[in-house]
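Below is one structure; the comments refer to it alone.
The values are calculated or read from the model by the stated rules, or taken from the named source; none is laboratory data. On a predicted model such as this, the values are computed, not experimentally measured, just so you know. Positions of Cβ are backbone-derived with ideal geometry, glycine not excepted, and every protein chain shown enters the neighbour counts. We work out accessible area using only protein heavy atoms, side chains counted, and drop any ligands, DNA or RNA first. Shrake-Rupley method; radii C 1.70, N 1.55, O 1.52, S 1.80 Å.
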Amino acid sequence: MASFATIDAGFQVALMAPTDILARQHYESFKELFSDDIGVELLVSDMKNNEKKSVFSCPCMCSTCRLREE
């Protein structure tokens, strides 16, 4: 719920997981939790450059350490 409060206050949330699989699981959980109210995006190593662009403009992103490399 801290993520929701942070987004509600106008900030962006980034959740970093140690593996792509875990990042995808968190992404699915956040999508279910936030429904369509809050945009949630996924950033993992196998994504193409054009897919990554929209990730950084969303309120909530789930990623691996790949987030630090971008």
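Using a 1.4 angstrom probe, figure out how much accessible area the chain has per residue, in square angstrom, rounded to the nearest whole.
66 Å²
Answer with one residue from Ala17, Phe4, Gly39: the one whose Cα lies farthest towards the positive end of the charge dipole of the chain, charges on Cβ with Lys, Arg +1 and Asp, Glu -1.
Towards the positive end, the residue furthest out is Ala17.
Of Leu33, Leu15, Leu42, which is the most mobile in a GNM of the chain whose springs link Cα atoms less than 10 angstrom apart?
Of Leu33, Leu15, Leu42, the Gaussian network model singles out Leu33 as fluctuating most.
Quick check: the angle from helix 20-34's long axis to the longest principal axis of the chain, C-alpha only, nearest 10 degrees?
20 degrees
What is the chain's relative contact order, in percent, from Cα pairs under 8 angstrom and six or more apart in sequence?
Dividing the mean separation by the residue count of the chain yields 42 percent.
Give me the percent of DSSP beta bridges within the chain that run antiparallel, rounded to the nearest 5.
Expressed as a percentage, antiparallel bridges in the chain total about 0.
What would the Debye formula give as log10 I(q)/I(0) at q = 0.27 Å⁻¹ for the alpha-carbon point model of the chain, no solvent?
Treating every Cα as an identical point scatterer, log10 I(q)/I(0) equals -1.31.
Hey, what do the phi angles of the range 53-63 turn into as Karplus ³J(HN,Hα) couplings, whole Hz, using 6.51/-1.76/1.60 and θ = phi - 60°, x for Gly and Pro?
4, 6, 4, 6, 9, 8, x, 9, 10, 10, 8
What spacing in nm lies between the two simple spin-label points modelled at Ser29 and Ser54, each 7 Å away from Cα in the Cβ direction?
2.4 nm
Quick check on the chain: helices-only [θ] at 222 nm, where DSSP H runs of length 4 and up contribute -39,500 (n - 2.57) each and the sum goes over total residues. Nearest 500, please. Let's see the in-between values first.
Numbers: 4 runs with 30 residues, N = 70.
That calculation yields -11000 deg cm²/dmol at 222 nm.
What trypsin sites (Lys or Arg not before Pro) does the range 10-70 have in DSSP loop regions with at most 10 other beta carbons within 10 Å?
Within the range 10-70, the qualifying trypsin sites (Lys or Arg not before Pro) (loop, at most 10 other Cβ atoms within 10 Å) are Lys48, Lys53.
As an exercise, identify the chymotrypsin sites (Phe, Trp or Tyr not before Pro) in the range 3-52 lying in DSSP coil whose Cβ has no more than 15 other Cβ atoms within 10 Å.
Phe11
Let me know the charge dipole size of the chain about its Cα centre in debye, to the nearest 20, where only the beta-carbon of Lys, Arg (+1) and Asp, Glu (-1) is charged.
Charge dipole of the chain: 240 debye, to the nearest 20.
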